[in-house]
Structure formats: C-alpha cells, structure tokens
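Single-structure report; data block below.
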Amino acid sequence: MSTALVRPRNGKLIAGVCAALAARFGLPKFLVRVGFVIFGLVGVGELVYIALWIMIPKEG
C-alpha cells in the first residue's frame, strides 16, 4: 500500500481520483472506475468524485 493519497500526474483519465484511490488501496484502476460508474447510476458517484477531486492533493 502506498502511504499518501495523491492524484498522479500520469495514468489518469479525468482528474486522477480513481487512480489515486487504486494506488492507495492496492486495487486495479478499472475496478475503482467501475465502482464510480455504478455509484453514478445510483446518483451519488458524481458528487463523491467531485468532492474527492477537491480534497485529494495533486502529486507534487
């Protein structure tokens, strides 16, 4: 497991939130992205994604 939760500069599609979460928790990126799509269909995925985009710092 990685020690810090930061949005990477490489390996991201939109903002790097899914890539950051996948790296932090040792999960495949596609699995995290599928999770956000499923939560998006329920209606909360977009809000959580935007909140994490604001809260997770960009890799320095």
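Quick notes
- For the chain: relative contact order, % (alpha-carbon pairs under 8 angstrom, 6 or more apart): 39
- Most fluctuating residue given options G43, G16, G35, as computed from a GNM of the chain linking Cα atoms under 10 Å: G43
- Couplings 3J(HN,Hα) for segment 33-40, derived from phi with the Karplus relation 6.51 cos²θ - 1.76 cosθ + 1.60 (θ = phi - 60°), are 5, 4, x, 5, 5, 5, 5, x Hz, where x marks Gly and Pro.
- Per-residue HN-Hα couplings for segment 46-60 [Karplus 6.51, -1.76, 1.60; θ = phi - 60°; Hz; x = Gly/Pro]: 5, 5, 5, 4, 5, 4, 5, 4, 6, 7, 7, x, 6, 4, x
- Burial ordering of R9, R24, fewest other beta-carbon atoms within 10 Å first: R9, R24
- Rounded to whole Hz, the Karplus (6.51, -1.76, 1.60) HN-Hα couplings of segment 12-18, x for glycine and proline: 10, 9, 10, 10, x, 5, 5
- Backbone amide hydrogens, once placed in the peptide plane, bring R7 within less than 5 Å of K58, E59, excluding anything fewer than 5 places away on its chain.
Rule-based calculations on the coordinates, nothing more; no lab input. Worth saying up front: this structure is predicted, and the values here are computed from it rather than measured. Cβ sites come from the backbone with ideal geometry, for glycine too, and all protein chains shown count toward neighbours.
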